[in-house]
Amino acid sequence: MSKLLIVGTVAFDAIETPFGSTDKILGGAATYIGLSAAHFGVDAGIVSVVGGDFPDTYLKDLNERKVNTDGIAIIPSGKTFFWKGKYHNDLNSRDTLATELNVLADFNPVVPEAYKEAEFLMLGNLDPAVQLSVIEQMKKRPKLVVLDTMNFWMDTTWDTLLEVIEKTDVITINDEEARQLSGEYSLVRAARKIQAMGPAYVVIKKGEHGALLFHQNEVFFAPALPLEEVFDPTGAGDTFAGGFIGHLTKTQDISFDNMKRAVIAGANLASFCVEKFGTTRMETLSPGEVQDRLLQFKLLTQFDIELH
Ligand code: AMP
């Protein structure tokens, strides 16, 4: 079975949406990526760090889904990474109200021996210095390195982030971040500039407006499924990334055509994530539901037209 190594935050989140708010619940980029990638039956392991305040049951829940947590360091005297965000009425934009790095501030990641030769590496959102250290610990260069990041790291650790970007094959970021990273308003130009920084493939996520996949001069567009119920978009980007890399790890095929399918797989899983607060929906999601919605995606985008 092919292996997937995931790096990213495992966190406590406090979320406010127009529909309600939560106090510290389970969150974090690696958590969402793991829950999403678990749907592909791949051997996935997480590298991250939590504090002594992190409930053991959360780690057990990941283990039950066959997500290996040996690489999640526990610092008994420390506090887990905490993020607080508030969504605007359109749910497409949010303000970060707090980012407390806590144990992440001086984290030295250790990649478990069993994952040092993983063929797929998902660098989920966290400190670029940690992402870099993980790349350096791999015994051989993975077949595919995918990077996700956000404005927080562009604002605080720009140079290290550029170093990481240079070493990746695919970057997934949202439209606002693509503009910040490239200094270009047009997403086509932004993607071109970002490709020149390293990654041959650029995925730009546009929330409820879908995602664009760029490679050389080709572009593919995946819609987001129009949903009746959107409750909390937290983790949608990470869930998308987990579905994207989960599909690629399972199929072992990194062609552009298969990446198109991977983008759909990611969009499909992300469409569930937003239906309930935090990780709640992902925790109950069944394989049958995933398949049914894939069919809806197909029907949404398929059409026949005669070209003259
Ligand atoms: P998303 O909605 O996909 O952007 O991801 C939200 C998740 O990212 C939340 O569960 C947060 O815990 C986590 N998060 C927020 N800010 C950061 C950050 N600066 N670095 C890493 N993870 C973060």
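Filtering the range 98-156 down to residues that are of a type in the set (Asp, Glu) and more than 18 Å from the chain's Cα centre (by Cα), which residue is modelled with the lowest pLDDT?
Applying the filter and picking the extreme gives Asp106.
It is to be established whether one or more residues within the range 63-76 are basic (Lys, Arg) and more than 14 Å from the ligand (Cβ to nearest atom). Walk me through it before giving the result.
Within the range 63-76, the first condition is being basic (Lys, Arg), and the residues that meet it are 65-66.
Those left that are additionally more than 14 Å from the ligand (Cβ to nearest atom): 65-66.
Among the residues of the range 63-76, at least one is basic (Lys, Arg) and more than 14 Å from the ligand (Cβ to nearest atom), which makes the answer yes.
Tell me the residue from Gly45, Gly28 that is under 15 Å from the mean Cα position of the chain (by Cα) and either charged (D, E, K, R) or within 13 Å of the ligand (Cβ to nearest atom) (or both), please.
Values: Gly45 fails: either charged (D, E, K, R) or within 13 Å of the ligand (Cβ to nearest atom) (or both).
Answer to the selection: Gly28.
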Checklist entry - Can you name the residue in the range 70-80 that is touching a Gly at 6+ places or on another chain (Cβ under 7 Å) and in contact (Cβ under 8 Å) with a residue 40 or more places away in the chain and is also nearest to Ser21 (Cα to Cα) among such residues? => result Thr80
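Scan the range 130-140 and tell me whether some residue there is touching a strand residue (DSSP E or B) at 6+ places or on another chain (Cβ under 8 Å), open to solvent by less than 10 Å² (accessible area, probe 1.4 Å) and closer than 30 Å to Val230 by Cα. Explain how you work it out, then say what you get.
Here is the first cut: in the range 130-140, the residues touching a strand residue (DSSP E or B) at 6+ places or on another chain (Cβ under 8 Å) are 130-131, 134-135, 138.
From the residues that got through so far, the ones that are open to solvent by less than 10 Å² (accessible area, probe 1.4 Å) too are 130-131, 134.
Of the ones still in play, those that are also closer than 30 Å to Val230 by Cα are none.
No, the conditions are met nowhere in the range 130-140.
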Item to check | Pair list, Cβ under 7 Å, 6 or more apart: the range 37-61 residue touching a residue at least 12 places away in the same chain (Cβ under 8 Å) and within 16 Å of Ile25 (Cα to Cα), other residue open to solvent by less than 50 Å² (accessible area, probe 1.4 Å) and among the aliphatic types (A, V, I, L, M) | outcome: Val50/Val10; Val50/Ile72; Val50/Val103; Gly51/Val103; Tyr58/Leu26; Leu59/Ile72
Next on the checklist: Among the residues that make up the range 87-94, is at least one of them away from the ligand (no atom under 11 Å from the Cβ) and modelled with pLDDT of 95 or more?
Outcome noted: no
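For Ile194, indicate whether it is more than 23 Å from Leu4 (Cα to Cα), buried (at least 19 other Cβ atoms within 10 Å of the Cβ) and β-branched (Val, Ile, Thr).
Numbers: more than 23 Å from Leu4 (Cα to Cα): yes; buried (at least 19 other Cβ atoms within 10 Å of the Cβ): yes; β-branched (Val, Ile, Thr): yes.
Answer is yes for this residue.
Just for strands (runs of 3 or more DSSP E) wholly inside the range 1-111: which have at least 2 residues that are within 19 Å of Thr149 (Cα to Cα) and open to solvent by less than 70 Å² (accessible area, probe 1.4 Å)? Lay out the reasoning, then the answer.
Working: elements: 3-7, 11-17, 25-27, 43-51, 67-75, 82-87, 94-100.
Fully inside the range 1-111 and qualifying: 3-7, 11-17, 43-51, 82-87, 94-100.
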Checklist entry - How many residues, within the range 219-265, are of a type outside the set (Phe, Trp, Tyr), outside any loop (DSSP other than H, G, I, E, B) and open to solvent by less than 50 Å² (accessible area, probe 1.4 Å)? => result 19
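The values are calculated or read from the model by the stated rules, or taken from the named source; none is laboratory data. Only a predicted model underlies this, so the values are computations on that prediction, with no experimental measurement involved. With ideal geometry, Cβ positions are generated from the backbone for all residues, glycine too; neighbour counts draw on all protein chains shown. In case anyone asks, the SASA skips ligands and DNA or RNA and just uses the protein heavy atoms, side chains included. Shrake-Rupley method; radii C 1.70, N 1.55, O 1.52, S 1.80 Å.
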